[in-house]
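Undergrad: Would you mind keeping the following structure in view while I ask a few things?
The values are calculated or read from the model by the stated rules, or taken from the named source; none is laboratory data. Not measured: the values here are computed from a predicted model. All Cβ positions, even for glycine, are placed from backbone atoms using ideal geometry, and neighbour counts span all protein chains on display. Areas reflect the complete protein model, heavy atoms only, side chains present, ligands, DNA and RNA absent. Shrake-Rupley method; radii C 1.70, N 1.55, O 1.52, S 1.80 Å.
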Amino acid sequence: MDQSVNQEILAKRNQIPGWVFKVFLALAAVGVVAFVVNARGERAEEVWQLFLVNFLFWTGVAQGGLVFSCILRITNARWGRGLLRISEGFASFTVVSLVLLLVLFIGQEFVLPYAHHHYHSPKDIWLNMNFVMARNVIGFSILLVLNYFYLRTSIEQDLNGKERIVRLKKLAPAVILVYALVFSLFAWDFMMSLDPHWFSTLFGPYYFIGSLIAAIGATIILSVPLKRYLGLDDYLSLHHYWDMGKILQGFSLFWVYLMFSQLLTIWYANMPEETGFVIKRVVDEPFRSFAWAILTCCFIFPFVSLLPRTHKIVTPIVVFIATVSFSGLWMDKFLLIIPSLTDELVFSINHFLITLGFLAGFVATFLLFVNRFPVIPFGDPYFDGKSKGGGH
Amino acid sequence: MSQMQQRPLTYARVTEDVVRMVDKPSKKWWALFLPTVALVGLGVTCFFYQVAEGLGVAGYRHPVFWGVYITDFVFWVGIAHSGTLISAILYLFRARFRMSIYRIAEAMTVFAVLTAGLFPIIHLGRPWNFLWLIPYPNSRELWINFKSPLVWDVFAVGTYLTVSSVFFVVGMIPDIAAIRDKVKETPRKIIYSILSFGWKGSNKEWLHYTRAYLYFAALATPLVLSVHSVVSWDFAMGNVPGWHTTIFPPYFVAGAIFSGLAMVITLTIPIRKIFHLEDYITLDNYDGMAKLIILTSCIVGYAYAAEFFMAWYSGSPYEWGQFVYRATGEYALFYWTMVICNCVVPIVLWWEKVRKNIKALFVISILINIGMWFERFNIIVISLSRDFEPGAWGIYKISFVEAGITIGSFAWFFMFFLLFVKTLPAVSIAEMKEILPVPKKGG
């Protein structure tokens with residue numbers, strides 16, 4: 001690898017000015033304050049519900065980013081090498097997520113109906129609070145350990161100049177397997193079981209694939225300002241966005257496929273223990289409009305608007321489309337969780353502040369990461385160096 | 001063979017080797033071909049016996065009226081999947097390991113769909129009425145029942161057959177033209193001339209051709225998901241314990257790709273040996289396929305576990321009873337064969353040594369095919385033999401007619417395949433040349 005490239009990338013560390021972090025940390029603090037002030041008051045249920053929605057969404061994005069990097073590594077994909085560090089940088093938030101997971105159990109009475117209800121066998125075994133806490137905390141901790149080793153190896157490649165691709169390719173499948181299992185547990189315990197009589201076998205994949213799609217969207221969204229600010233035009237060319245646009249479009253189709261697979265099966269069989277969950281979200285107001293908005297944001301809009309090549313390679317356009325899809329996936333978590341806990345759709349300033357707090361916290365940890373470590377994985381054997389405007 | 005490996009792959013050698021494959025069949029080929037024809041004869045005989053005697057000879061007993069034929073149908077549709085995966089999806093992902101094997105996989109797809117399409121008809125009591133499944137204007141103004149997933153099947157499989165055949169035929173045009181230019185005898189020359197659609201290999205033709213191929217790939221990609229999803233809905237739409245579950249569509253698709261890849265490995269290993277294609281179908285190609293097998297095996301394993309878990313978690317006695325019965329009842333042997341072949345055996349593929357060991361791969365791929373056949377059998381037969389009402393439970397046994405027709409279907413598939421490798425280019429000349437280094441002047 002060209003030494004000048006190494007020097008150039010290494011020089012891009014610590015370039016983000018301190019005020020940027022301060023702004024994001026301040027916004028995150030606002031979110032924390034809005035949450036803490038209300039966590040025991042009249043609006044406790046409302047803020048805890050929003051906490052759960054955001055916890056699941058942002059944890060998914062954070063881990064999904066690392067999984068995307070793992071996928072690129074396993075498949076020897078050269079095309080996305082330049083974006084690999086950015087997407088794996090999201091995983092820096094997973095440390096915060098572990099704390100948030102523990103916080104979640106403090107508010108169990110507000111968000112987890114099974115914490116204060118008793119159910120018949122076998123649900124009394126599976127939904128026993130100690131068991132729920134143990135399996136989720138232990139599972140997520142294992143995932144974090146894997147994350148740590150994967151990220152450390154990945155960064156070592158750049159900083160020590162030693163090729164570690166073999167080790168990375170061994171760690172990557174482990175991360176993906178544990179991700180699928182732990183995030184299925186999250187999906188079952190923190191979304192599906194909120195309506196303890198409802199079940200769907202596809203629910204786990206629906207959550208962990210959705211998180212991966214959100215992470216792909218976030219990679220597009222966050223890489224563009226970074227590229228502008230740090231001057232990464234030589235490394236992130238229009239080909240990267242062209243391919244990322246295609247991936248996002250393909251995955252929007254896959255998302256709707258998973259959604260439809262569940263919906264059609266439940267609708268056709270028309271069994272009351274299954275349809276209740278869907279009717280509340282898809283047929284009855286106030287959530288019906290929400291469901292249509294999600295379908296539009298996650299599938300119809302990105303799928304159609306990403307068809308022309310221009311929309312994939314002009315960065316402001318592709319960022320806009322990715323933002324719509326990203327927001328849609330946030331609303332999707334909202335719709336999966338909230339109707340199980342309440343019949344009304346209320347919006348307040350707290351909703352906004354808490355979500356903003358999570359967003360700011362996520363961006364702040366991400367920026368800390370990319371500021372500290374090389375933003376382009378130049379030490380990776382499949383990294384082709386400066387993009388010459390051609391080739392895959 | 002050792003001589004051939006010493007010669008480096010060049011443009012000229014690729015063409016020569018492929019043209020040699022479609023030469024006059026050897027005795028070995030006849031020794032393989034004639035038994036398959038005989039076994040097809042066995043299948044046909046069994047079928048006519050069944051037509052004459054009625055479906056009773058097919059082992060159908062109350063309450064199981066879907067048996068081996070539907071299992072075979074799902075099995076063969078599944079086999080068809082990896083062809084489109086390899087030729088379309090991996091093409092879009094620019095995965096190079098597909099290039100040497102995609103033609104064989106595509107051919108396999110077309111023949112597997114042809115085989116699968118027979119089974120719904122064999123399964124009918126009055127097979128000559130199969131036309132009633134197709135919507136056509138008629139004097140009695142009768143329409144098919146569009147609400148039935150079985151009718152969705154007709155459309156799904158019909159579309160799949162059409163698209164995969166077109167993809168297959170279009171993909172071969174430049175290669176057939178290359179053979180046309182080499183062969184001398186008149187009748188073959190005429191046939192290859194017709195099939196090559198007057199291809200000259202000009203720049204303009206290549207421009208349109210590559211463009212068209214890209215669009216075909218993009219159109220064929222959703223089909224990989226849709227066809228087997230529709231097949232899965234044949235079951236998931238029904239309120240039978242063990243059938244009605246939301247994970248079925250992606251689970252069936254993953255299972256189909258899983259078994260299809262295994263079949264590609266099963267077929268290419270002997271072909272590679274017989275035609276000395278070691279330089280074309282390399283160990284790295286097998287490595288890539290084996291990795292995809294690991295992935296799909298994990299998805300299938302996840303689905304087994306998720307189904308089992310939900311059956312327990314749901315608290316439904318019917319669902320839970322069904323799954324306990326699968327694992328411990330009369331069919332437990334079939335169930336554990338499935339689990340071991342599909343989830344346990346592929347674990348050895350995590351080692352690169354195994355992924356690049358041809359003998360090991362051959363054995364594993366056959367085990368996977370056995371496992372996947374039993375998966376469909378378990379889903380269909382075990383669920384039907386024990387549904388909600390204990391008074392209606394019953395046991396189903398495979399009859400000799402069903403066994404004969406199943407063996408016949410394998411022979412039918414291999415017969416087409418043997419004809420294919422002797423008449424059409426089984427390795428893509430054009431795409432192989434794409435990955436070879438460009439020849440130097442005078443070199």
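Undergrad: Enumerate the helices in chain B for which the Kyte-Doolittle hydropathy averages 0.0 or more and the C-alpha atoms extend at least 15 Å along the helix's axis, using complete DSSP H runs.
TA: Working: long enough: B:11-21 (16 Å, -0.15); B:27-53 (39 Å, 0.99); B:68-79 (16 Å, 1.70); B:102-122 (30 Å, 1.50); B:149-182 (48 Å, 1.12); B:203-236 (49 Å, 0.41); B:248-274 (39 Å, 1.36); B:283-313 (44 Å, 0.76); B:317-328 (16 Å, -0.74); B:358-377 (29 Å, 1.45); B:400-423 (34 Å, 1.62).
TM-like helix candidates: B:27-53, B:68-79, B:102-122, B:149-182, B:203-236, B:248-274, B:283-313, B:358-377, B:400-423.
Undergrad: OK, next. When Cβ neighbours within 10 Å are restricted to other protein chains, what is their mean count per residue of peptide B:236-246? Please list the in-between numbers first.
TA: On the way: counts 6, 5, 2, 4, 0, 0, 0, 2, 6, 7, 16.
Mean partner-chain Cβ count within 10 Å for B:236-246: 4.
Undergrad: Can you sort B:289, B:415 by 1.4 Å-probe accessible area, starting with the largest? Walk me through the numbers on the way to the answer.
TA: Working: B:289 0, B:415 30 Å².
The ranking, largest first, comes out as B:415, B:289.
Undergrad: How big is the gap, in Å, between the Cα center of region A:270-326 and the Cα center of region B:148-225?
TA: Answer, in whole Å: 36.
Undergrad: How many Å² of accessible area per residue for region A:214-305, probe 1.4 Å? Present the calculation step by step, with values, prior to reporting the outcome.
TA: Working: 3730 Å² over 92 residues.
Result: 40 Å² of accessible area for each residue.
Undergrad: I'd like the projected area of the protein assembly as shown, averaged over all directions, using the convex hull of its alpha carbons. Report it in nm² with one decimal. Intermediate values should be presented prior to the final figure.
TA: Values: hull surface 155.8 nm².
Taking the Cα atoms of the protein assembly as shown, their convex hull projects to 38.9 nm² on average.
Undergrad: Arrange the residues B:182, B:27, B:204 by how much accessible surface each exposes, largest first, with a 1.4 angstrom probe.
TA: Working: B:182 105, B:27 175, B:204 145 Å².
Listed by decreasing accessible area, they come as B:27, B:204, B:182.
Undergrad: Can you list the lysines whose alpha carbon sits under 27 Å from that of residue A:280, skipping same-chain ones fewer than 8 residues off?
TA: The qualifying lysines are A:123, A:333, B:147.
Undergrad: In addition: Which residue, B:381, B:169, B:231, tops the fluctuation ranking in a GNM of chain B built on C-alpha contacts under 10 Å?
TA: B:169
Undergrad: If you stretched the chain out fully between residue B:95 and residue B:283, how much longer would it get, using 0.36 nm times the residue separation minus the C-alpha to C-alpha distance? Don't skip to the answer; put the middle values down first.
TA: Details: separation 188, 0.36 × 188 = 67.68 nm, distance 1.50 nm.
Using 0.36 nm per residue and subtracting the Cα-Cα distance, I get 66.2 nm.
Undergrad: Ordered by residue, what ³J(HN,Hα) values in Hz, to whole numbers, does region A:11-16 give under the Karplus form 6.51 cos²θ - 1.76 cosθ + 1.60, where θ = phi - 60° and Gly and Pro are x?
TA: For region A:11-16, the Karplus curve yields 5, 7, 6, 6, 9, 6 Hz.
Undergrad: Now for a different question. Counting protein heavy atoms only and a 1.4 angstrom probe, how many square angstrom of accessible surface do chains A and B bury in total, to the nearest 100?
TA: Roughly 2900 Å² of accessible surface disappears when A and B pair.
Undergrad: For chain A, take the longest principal axis of its alpha carbons; what is the angle in degrees between that and the long axis of helix A:315-341, to the nearest 10 within 0 to 90?
TA: 20 degrees
Undergrad: Using only the Cα atoms of chain A, build the gyration tensor, take square roots of its eigenvalues as a ≥ b ≥ c, and label the shape rounded, prolate or oblate: rounded if a/c is under 1.5, else prolate if a/b is larger than b/c, else oblate. Working shown, then result.
TA: On the way: a/c = 1.74, a/b = 1.57, b/c = 1.10.
Taking the square roots of the gyration eigenvalues as a ≥ b ≥ c, chain A is prolate.
Undergrad: How would you order A:348-355, A:184-191, B:47-54 from highest to lowest mean count of nearby Cβ atoms within 10 Å? Write out the running numbers ahead of the final one.
TA: Numbers: A:348-355: 17.2, A:184-191: 21.4, B:47-54: 13.9.
Highest mean packing first, the order is A:184-191, A:348-355, B:47-54.
Undergrad: Could I ask something else about it? What's the carbon and sulfur percent of region B:15-435's accessible surface, probe 1.4 angstrom, rounded to a whole number?
TA: Numbers: 12580 of 17640 Å².
C and S fraction of accessible area: 71 percent.
Undergrad: Taking 0.36 nm per residue of separation and subtracting the Cα-Cα distance, what length does fully extending residue A:352 through residue A:288 add?
TA: Fully extending the segment from residue A:352 to residue A:288 adds 20.9 nm.
Undergrad: Please give the per residue accessible area of region A:1-90, computed with a probe of 1.4 Å over protein heavy atoms only, in Å². Present the calculation step by step, with values, prior to reporting the outcome.
TA: Numbers: 3500 Å² over 90 residues.
Accessible area per residue: 39 Å².
Undergrad: A further question on this structure: Per DSSP helix of 4 or more residues, -39500 (n - 2.57); summed, then divided by the residues of chain B. What does that give at 222 nm, rounded to the nearest 500?
TA: Working: 17 runs with 291 residues, N = 443.
My calculation for chain B gives -22000 deg cm²/dmol from helical runs alone.
Undergrad: Right, something else. What does the structure give for B:308-316 when I average, per residue, the other chain Cβ atoms found within 10 Å of the residue Cβ? It would help to have the intermediate numbers written out before the result.
TA: Working: counts 1, 6, 8, 2, 4, 11, 9, 10, 3.
That works out to 6 on average.
Undergrad: How long, wide and thick is region B:15-435, going by the Cα atoms along their three principal axes, in whole angstroms, largest first?
TA: 70, 59, 41
Undergrad: Kindly express, to the nearest 10 degrees and within the range 0 to 90, the angle between helix A:129-159's C-alpha long axis and the longest C-alpha principal axis of chain A.
TA: Long axis of A:129-159 versus the principal axis of chain A: about 10 degrees.
Undergrad: Estimate the FRET efficiency between residue B:13 and residue B:397 by the formula 1/(1 + (r/R0)^6), using the beta-carbon distance for r and 56 Å for R0, to the nearest 0.05. Intermediate values should be presented prior to the final figure.
TA: Details: r = 54 Å, r/R0 = 0.97.
The computed FRET efficiency comes out at 0.55.
Undergrad: Note down the nm distance, to one decimal, between modelled labels 7 Å out along Cα→Cβ at residue A:133 and at residue A:30.
TA: Roughly 3.4 nm, to one decimal.
Undergrad: Still on this structure, please answer the following. Based on the Cβ-Cβ distance from residue B:210 to residue A:162, what FRET efficiency comes out when R0 is 45 Å, to the nearest 0.05?
TA: Working: r = 41 Å, r/R0 = 0.91.
Efficiency computed from Cβ-Cβ geometry: 0.65.
Undergrad: How much of residue B:266 can a 1.4 Å solvent probe reach, expressed as accessible area in Å² and rounded to 10?
TA: 20 Å²
Undergrad: Take residue B:193 and residue B:350, extend 7 Å from each Cα along the Cα→Cβ direction, and tell me the distance between the two endpoints in nm.
TA: 5.9 nm
Undergrad: If you don't mind, another one. Using a 10 angstrom cutoff on alpha carbons, build the Gaussian network for chain B and name the most mobile of B:351, B:76, B:312.
TA: Result for chain B, Cα springs under 10 Å: B:351 fluctuates most.
Undergrad: How many percent of the accessible area of chain A is carbon or sulfur, using a 1.4 Å probe?
TA: Details: 10280 of 15420 Å².
Carbon-and-sulfur percentage of accessible area, whole number: 67.
Undergrad: Could you report region B:334-378's accessible area per residue, 1.4 Å probe, as an integer in Å²? Don't skip to the end; give the middle numbers.
TA: On the way: 2070 Å² over 45 residues.
I get 46 Å² per residue for region B:334-378.
Undergrad: Taking every residue in A:261-274, how many Cβ atoms of other protein chains lie within 10 Å of its Cβ, on average?
TA: Details: counts 12, 4, 1, 7, 11, 3, 1, 8, 8, 1, 3, 0, 3, 3.
Rounded to a whole number, the mean comes out at 5.
Undergrad: So which residues of region A:201-222 lose at least 40 Å² of accessible area, probe 1.4 Å, when you go from the chain by itself to every protein chain present?
TA: For region A:201-222, once contacts with the other chains are taken into account, A:201, A:202 lose 40 Å² or more.
Undergrad: Most mobile of A:200, A:69, A:141 per a Gaussian network model of chain A (Cα springs, under 10 Å)?
TA: Most flexible of the set in this elastic network: A:200.
Undergrad: Could you give the dipole magnitude of region A:1-67 about its Cα centre, charging the beta-carbon of Lys and Arg +1 and that of Asp and Glu -1, in debye to the nearest 20?
TA: Working: 5 positive and 5 negative charges, 38 e Å.
In total the dipole reaches around 180 debye.
Undergrad: Then there is this: Could you compute the FRET efficiency for residue B:145 and residue A:301, with r as their C-beta to C-beta distance and R0 at 30 Å, rounded to 0.05? Write out the running numbers ahead of the final one.
TA: Values: r = 35 Å, r/R0 = 1.17.
So the FRET efficiency works out to roughly 0.30.
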